[in-house]
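The values are calculated or read from the model by the stated rules, or taken from the named source; none is laboratory data. What you see is a predicted model; the values in this text were computed from it and never measured. Neighbour counts are summed over all protein chains in view; Cβ atoms, including those assigned to glycine, are modelled from backbone coordinates with ideal geometry.
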Amino acid sequence: MKFRGAEILGFLLILLVCSLCLADTIVLKEGQRLTGNILVEKETLLYVDIGVTVLAIPKEKILEYEYTKTLKPGDADANGLDVNDSDVTAPKSQRPAGQLYHTANLRVTTIEECVDAFSEAVVKVSSPAGMGSGFFINEDGYLITNYHVIEKETKIEVTVFLKAKNGFEKKEFKKVKIEAINPFVDLALLKIEDLGDVKVKFAYLGNIERIKVGQKVFAIGNPLGLERTVTDGVISTRNRAFEGLVYIQTNADINPGNSGGPLFNLAGEVIGVTNMGYIFFGGLGFAIPVDYVKCFVENRDAFVYDKNNPNSGFRYLQPDRRLNKAKPKFLKKANSE
């Protein structure tokens, strides 16, 4: 079967268009747009295969870049990163020696894909005093939430949302241990002790140095009991000072019930823990920077929960007031003298 020159040319054009549709996109600050295959993402450089050569583009010259595909959780580990040492485009999960949390150089993608990949890591934390949110930091059942979500409480329940055929399946765990608390930065480390054979997904902790003002972010939580609610916005300020601490300010809606939940970037990395918002003023939400979370987890022995310490979670009843309001006899005697 013979092909004419025009048919061959048309076929090649179709292949070229298809390859461009599947290519990653890089937009430079000067306005140029590149399409190609992002091979390696370094701290300051992006290596891009444009077909005829490989370019090393400084990140300071890049306005934005987007991958056509993102690596989603699979079956390789608890969070499913199918990592191949020969595949330089796949992010590698890293867990510092002796630490509980994971990090990974994840690809920038869309909110939809990030929610699909990491929403199962977000949980609901409940106590007799109320409820909030939290998120797993590893496959062993360790999770982060706000201290004020469990303040003065020891009876804690965690609801996990697992993907099922027709949506999500809720599993409630009542055997929850308080591992460490730090009221000064409003963080608490919990552990579910009765996971059994349930495999939980966890979220990766990001790097505060990589976030920028104007960068898109999104939060997942349970505001006012509305489970698995997603809100999005941008980083308004990355270092808002409040009562001696630094917070990430965002215009993503943060409401009661979001407290303790993750603030994600578009790579699906946790860059903060949501803990404050103004109900009557939209667009004023705040999150604890992820660096505080890392420091808290790394030094958890210093903040270990002690049930014998009245400042570490136990609720104490106030003593009854005196029924006889008359002055005690020794006071009357002292006044007469």
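Can you find, within the stretch 225-252, the residue that is modelled with the lowest pLDDT among those that are within 30 Å of residue 163 (Cα to Cα) and more than 18 Å from the chain's Cα centre (by Cα)?
Narrowing the stretch 225-252 to residues within 30 Å of residue 163 (Cα to Cα): 225-235, 250-252.
If we keep only those that are more than 18 Å from the chain's Cα centre (by Cα) as well, we get 225-226.
On the way: 225: 89, 226: 93.
Among residues in the stretch 225-252 that are within 30 Å of residue 163 (Cα to Cα) and more than 18 Å from the chain's Cα centre (by Cα), the one modelled with the lowest pLDDT is 225.
Kindly state which strands (runs of 3 or more DSSP E) lie completely within the stretch 239-309 and contain at least 1 residues that are among the β-branched types (Val, Ile, Thr).
In the stretch 239-309, the matching strands (runs of 3 or more DSSP E) lie at 245-250, 269-277, 285-289.
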Fill in: Subset tally (residues that are of a type in the set (A, V, I, L, M, F, W, C) and within 12 Å of residue 283 (Cβ to Cβ)) for the stretch 236-253
1
Discussion item. So, in the stretch 153-168, how many residues would count as being basic (Lys, Arg) and either over 29 Å from residue 307 (Cα atoms) or touching a residue at least 40 places away in the same chain (Cβ under 8 Å) (or both)?
Written reply: 2
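Is there a residue being in a loop (DSSP other than H, G, I, E, B) and either under 30 Å from residue 65 (Cα atoms) or of a type in the set (Val, Ile, Thr) (or both) anywhere in the stretch 219-226? If you could, list the steps in order and put the result at the bottom.
Initially, the stretch 219-226 is screened for residues in a loop (DSSP other than H, G, I, E, B), giving 222, 226.
Filter again for either under 30 Å from residue 65 (Cα atoms) or of a type in the set (Val, Ile, Thr) (or both), leaving none.
Taking every residue of the stretch 219-226 in turn, none turns out to be in a loop (DSSP other than H, G, I, E, B) and either under 30 Å from residue 65 (Cα atoms) or of a type in the set (Val, Ile, Thr) (or both).
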Fill in: Filtered residue count, the stretch 189-210, keeping only those that are in contact (Cβ under 8 Å) with a residue 60 or more places away in the chain and either part of a strand (DSSP E or B) or crowded, with 20+ Cβ neighbours inside 10 Å (or both)
9
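Do we find a residue being within 29 Å of the chain's Cα centre (by Cα), modelled with pLDDT under 85 and aromatic (Phe, Trp, Tyr) anywhere in the stretch 82-102? Reasoning before the result, please.
The initial filter retains those residues of the stretch 82-102 that are within 29 Å of the chain's Cα centre (by Cα), namely 82-102.
Going one step further and asking which of them are modelled with pLDDT under 85, we end up with 82-99.
Still in the running and aromatic (Phe, Trp, Tyr): none.
Checking the stretch 82-102: not a single residue is within 29 Å of the chain's Cα centre (by Cα), modelled with pLDDT under 85 and aromatic (Phe, Trp, Tyr).
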Practice prompt. Confirm whether residue 14 is out of contact with any helix residue (DSSP H, G or I) (no Cβ under 7 Å at 6 or more places or on another chain), at pLDDT 85 or above and not in a loop (DSSP other than H, G, I, E, B).
Written response: no
Discussion item. Please count how many residues of the stretch 24-50 are surrounded by fewer than 12 Cβ atoms within 10 Å (Cβ to Cβ) and outside any strand (DSSP E or B).
Written reply: 7
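Give the residue that is modelled with the lowest pLDDT, with candidates limited to residues of the stretch 112-142 that are in contact with a strand residue (DSSP E or B) (Cβ under 8 Å, 6 or more places away or on another chain) and acidic (Asp, Glu).
140
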